[in-house]
1. Might you check whether a residue that is in a helix (DSSP H, G or I) and within 24 Å of residue 283 (Cβ to Cβ) occurs anywhere in the stretch 337-347?
2. Looking at (1) more than 24 Å from residue 630 (Cβ to Cβ); (2) touching a helix residue (DSSP H, G or I) at 6+ places or on another chain (Cβ under 7 Å); (3) surrounded by fewer than 24 Cβ atoms within 10 Å (Cβ to Cβ), which one does residue 412 not meet, given that it meets all the others?
3. Residues in the stretch 224-242 that are at pLDDT below 85 and within 18 Å of the chain's Cα centre (by Cα): how many?
4. Which of the residues that make up the stretch 199-230 are surrounded by 13 or more Cβ atoms within 10 Å (Cβ to Cβ), in a loop (DSSP other than H, G, I, E, B) and touching a helix residue (DSSP H, G or I) at 6+ places or on another chain (Cβ under 7 Å)?
5. Tell me whether the stretch 388-408 contains one or more residues that are over 28 Å from residue 630 (Cβ atoms) and part of a strand (DSSP E or B).
6. Taking the stretch 456-492 as the region of interest, how many residues are at negative phi and either part of a helix (DSSP H, G or I) or modelled with pLDDT of 85 or more (or both)?
7. With the structure loaded, tell me whether residue 38 is under 30 Å from residue 162 (Cβ atoms) and either at pLDDT 80 or above or outside any helix (DSSP H, G or I) (or both) or whether it fails that test.
8. Taking the conditions exactly as written (touching a residue at least 24 places away in the same chain (Cβ under 8 Å) and surrounded by fewer than 22 Cβ atoms within 10 Å (Cβ to Cβ)), does residue 297 satisfy them or not?
């Protein structure tokens with residue numbers, strides 16, 4: 001009673017009174033259909049009294065199912081089902097009471113068919129009122145800027161998006177249709193709108209209905225990116241595409257998905273790529289409670305490696321990079337997101353041998369992920385001495401210390417530019433690969449030649465991973481194109497036929513972790529980079545997406561050391577499959593460790609002369625397949 005007569009329940013009383021009126025009307029309507037108008041007129045007040053008695057069990061059942069606790073404008077199927085269940089329960093309670101008190105006459109209960117009619121009519125009218133109010137509310141809550149949209153995907157992701165859109169206030173979007181990749185869905189209806197398929201004339205249908213936005217379900221993102229023709233047609237028709245950002249975490253398919261998590265696509269969102277699945281548990285078992293050292297920790301790859309490794313809660317993380325400000329950002333990120341992990345952010349160059357030894361002596365890392373390197377092709381083409389001293393010599397310092405201080409696994413991150421290198425940077429990474437692989441073989445065959453600092457036998461396994469360009473990396477082509485488009489152009493592309501492979505930084509790092517987990521030592525793992533992308537087409541699509549007018553593409557010619565296309569394997573190499581479909585093992589020519597070491601020492605000595613030609617000449621002797629292109633070093637080939 002206290003609840004019923006509380007002032008806060010006034011809105012509920014309004015809903016309850018509406019339902020009372022519907023029940024009374026339904027009783028009169030049913031009686032009229034069964035007994036006729038004359039009987040209804042003669043028993044009008046008696047019938048009203050008998051229906052009033054029925055309101056008692058119905059009120060009890062309404063309270064049980066909370067039918068009047070909801071808000072009309074947010075009614076859902078669940079609310080309608082509660083109404084039906086409440087009416088059924090109320091009818092059963094009323095009829096049972098009537099059977100237990102047979103001397104009491106009731107014009108409704110004495111005819112079971114009439115009770116059933118009242119029940120059906122009441123359910124129908126109660127649901128109709130709620131649907132009508134909800135429909136009117138949905139129509140009136142638009143703010144005059146409502147946009148018509150299609151949703152790509154009919155699974156959980158598409159349904160979640162639709163529900164999120166329909167509960168928004170004010171209503172800024174109206175769903176006019178769904179698109180499914182399943183041909184069997186053609187002609188079906190979902191949530192009151194038609195379902196179309198990839199084979200339909202989607203652009204024509206959307207234009208006919210004045211649809212201006214296509215929202216893509218996260219569960220259909222991979223399939224959508226493969227629809228290159230559809231994407232180009234959407235862009236040409238100026239229909240906006242909204243997707244989850246390429247930097248966002250994958251949607252788990254269970255939590256609530258709101259359309260506000262989507263954004264108007266960048267070019268990175270549309271590049272075709274497959275979903276990467278890795279064995280996170282196996283990676284966690286290896287890294288958990290161990291010490292992990294990451295070089296180049298402030299770089300594009302290194303910083304993502306930091307984030308992914310930290311999720312496995314290692315015992316200690318030692319992060320090294322010579323870039324002070326980015327390392328400060330890494331320190332803040334670790335303190336904020338992973339305060340329970342003992343983390344050491346060290347500003348240093350990997351070429352500082354005495355400091356690197358002190359770090360290894362103090363922390364004795366169990367795992368080393370070596371991502372530090374100079375990577376820009378034109379810069380290293382002009383500075384081969386720095387490529388040797390940082391990439392080659394720095395790698396040898398870290399690799400030798402890993403052996404000396406008992407590191408379990410050393411994972412070096414290489415590049416597809418190391419295959420048949422045409423530039424100094426790619427050749428420097430190939431020399432690093434040679435040294436690490438030959439060192440691993442030497443440890444296996446003559447372990448006594450590599451005693452650890454404490455006199456124990458060496459145990460380090462060296463694994464190399466190769467992959468191509470990563471989206472969003474520092475200095476990559478996409479940020480440069482964005483900047484050029486913002487200035488009105490021109491967008492500079494080196495050659496109309498140049499192509500590149502792209503991969504997301506998080507996906508590349510997942511594969512690095514997976515390869516590091518499965519590697520037994522001495523392997524060079526190659527990643528399946530998916531489909532290559534023509535850079536000129538990439539530039540044109542970015543211009544179209546931006547809506548920039550008069551922005552042209554200008555071809556500037558290949559830069560020093562640049563290839564038209566990157567190779568994943570040497571011509572004389574072949575690959576072997578692994579348990580992961582995206583990771584292969586490259587079978588490469590192996591080198592003797594003493595010879596590899598001698599070559600590196602000779603190359604390092606030459607680097608201190610800063611004679612570019614002399615340095616590159618030795619690099620070509622070490623890597624005979626290194627043939628320069630668009631470079632002053634072609635005279636040495």
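1. Yes: one or more hits.
2. Answer for residue 412: the failing condition is (3).
3. Selection size over the stretch 224-242: 2.
4. 217
5. As a first pass, look at the stretch 388-408 and keep what is over 28 Å from residue 630 (Cβ atoms): 396-408.
Pick out the ones that are also part of a strand (DSSP E or B) and you get none.
No: zero hits.
6. Residues meeting the conditions: 25.
7. Numbers: under 30 Å from residue 162 (Cβ atoms): no; either at pLDDT 80 or above or outside any helix (DSSP H, G or I) (or both): yes.
No; evaluated as a whole, the condition is false for this residue.
8. Numbers: touching a residue at least 24 places away in the same chain (Cβ under 8 Å): yes; surrounded by fewer than 22 Cβ atoms within 10 Å (Cβ to Cβ): no.
Here the answer is no, as residue 297 does not meet what is asked.
The values are calculated or read from the model by the stated rules, or taken from the named source; none is laboratory data. Source: prediction; values computed, not measured. Note that each Cβ is placed from the backbone with ideal geometry, even for glycine, and that neighbours are counted across all protein chains shown.
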